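The values are calculated or read from the model by the stated rules, or taken from the named source; none is laboratory data. Not measured: the values here are computed from a predicted model. Here the Cβ positions follow ideal geometry from the backbone for every residue, glycine too, while neighbour counts run over all protein chains shown. Heads up: the accessible areas ignore ligands, DNA and RNA and are worked out on the full protein's heavy atoms, side chains in. Shrake-Rupley method; radii C 1.70, N 1.55, O 1.52, S 1.80 Å.
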Amino acid sequence: MKTGVYTIRTIQEADQLPVLAMQAKSWLDTYPNPEKGVSKEWVEARTKQWMTDENLKKRREFIRASNKGDSLYIVAENEKGVIVGLGICRNEAGKYRLGALYVDVAHHGSGVAHRLMEKLLSWAGPATIELEVVSYNERAKAFYRKYGFREVEGSDHILHEILPVITMVREGEKG
């Protein structure tokens with residue numbers, strides 16, 4: 001296993017562009033799949049949309065509202081201060097959703113995804129948590145299974161007009 005020194009911290013407004021760049025690279029490393037009709041060009045066009053003035057403004061507002069009770073938005077940075085991962089979990093009216101967990105492919109196997117997940121799960125406590133994952137992303141599905149997530153039968157659907165996704169859920173503790 002690769003190792004490194006990583007800091008897990010809450011996102012700051014200044015992190016917006018480095019986070020988007022890391023997430024876009026992660027999408028390019030993960031989502032193109034000609035068999036499923038997901039081209040590299042589609043992924044590039046989709047992630048380029050994140051950089052419009054309107055979408056950057058929305059993301060800044062989301063960052064400002066994060067980490068104030070109903071959401072946790074964290075980043076992982078390496079010893080050089082480069083953002084190599086991110087995680088988002090939200091409490092939407094008592095329903096917890098893992099909205100994102102991305103790690104730069106160069107840091108896969110380093111334990112950084114584990115550290116992000118542990119922080120997100122700790123924040124959510126014993127609640128039931130659900131997430132959506134691209135159905136052909138076997139690496140991510142195996143990772144989530146390690147934390148007790150299971151695929152919800154019949155939950156498959158299309159996201160962003162092209163990405164086949166499924167829902168996975170981690171049941172909370174029964175009180």
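Considering the stretch 36-66 alone, what residues qualify as being acidic (D, E) and either at pLDDT 95 or above or touching a strand residue (DSSP E or B) at 6+ places or on another chain (Cβ under 7 Å) (or both)?
E41, E44, D53, E54
List pairs: first in the stretch 71-96 and free of Cβ contacts under 8 Å to residues at least 12 places away in the same chain and of a type outside the set (D, E, K, R), second surrounded by fewer than 17 Cβ atoms within 10 Å (Cβ to Cβ) and in a strand (DSSP E or B), Cβ under 9 Å, 6+ apart or cross-chain?
Close Cβ pairs (under 9 Å, with a partner that is surrounded by fewer than 17 Cβ atoms within 10 Å (Cβ to Cβ) and in a strand (DSSP E or B)) amount to G81/T7.
Go through the stretch 1-47 and report how many residues are assigned to a strand (DSSP E or B) and either open to solvent by less than 20 Å² (accessible area, probe 1.4 Å) or acidic (D, E) (or both).
Here the count works out to 1.
Hey, G154 hits all of (1) assigned to a loop (DSSP other than H, G, I, E, B); (2) open to solvent by 60 Å² or more (accessible area, probe 1.4 Å); (3) of a type outside the set (A, V, I, L, M, F, W, C); (4) closer than 26 Å to W50 by Cα but one; which does it fall short on?
The number of the failed condition is (4).
Restricting attention to the stretch 61-117, and to residues there that are aromatic (F, W, Y) and outside any helix (DSSP H, G or I), which single residue is least open to solvent (accessible area, probe 1.4 Å)?
Looking at residues that are aromatic (F, W, Y) and outside any helix (DSSP H, G or I), I get Y73.
Kindly evaluate I166 against the criterion of being open to solvent by 40 Å² or more (accessible area, probe 1.4 Å), among the β-branched types (V, I, T) and not in a helix (DSSP H, G or I).
no
Would you check which residues across the stretch 121-146 are outside any helix (DSSP H, G or I) and surrounded by fewer than 16 Cβ atoms within 10 Å (Cβ to Cβ) and list them?
Result: G125, P126, T128.
Please enumerate the residues belonging to the stretch 48-60 that are part of a helix (DSSP H, G or I), under 23 Å from C89 (Cβ atoms) and touching a helix residue (DSSP H, G or I) at 6+ places or on another chain (Cβ under 8 Å).
N55, L56, R59, R60 - these are the residues of the stretch 48-60 that are part of a helix (DSSP H, G or I), under 23 Å from C89 (Cβ atoms) and touching a helix residue (DSSP H, G or I) at 6+ places or on another chain (Cβ under 8 Å).
For the stretch 36-43, check the following and say yes or no: at least one residue is of a type in the set (A, V, I, L, M), without any contact (Cβ under 8 Å) to a residue 24 or more places away in the chain and on the phi < 0 side of the Ramachandran plot.
Yes.
List every residue pair whose Cβ atoms lie under 7 Å apart, where the two residues are 6 or more positions apart in sequence or sit on different chains, the first residue falls within the stretch 50-61 and is under 22 Å from S26 (Cα atoms) and touching a residue at least 12 places away in the same chain (Cβ under 8 Å), and the second residue, located anywhere, is part of a helix (DSSP H, G or I) and open to solvent by 60 Å² or more (accessible area, probe 1.4 Å).
Going by the 7 Å Cβ cut-off, the qualifying pairs are R60/E13.
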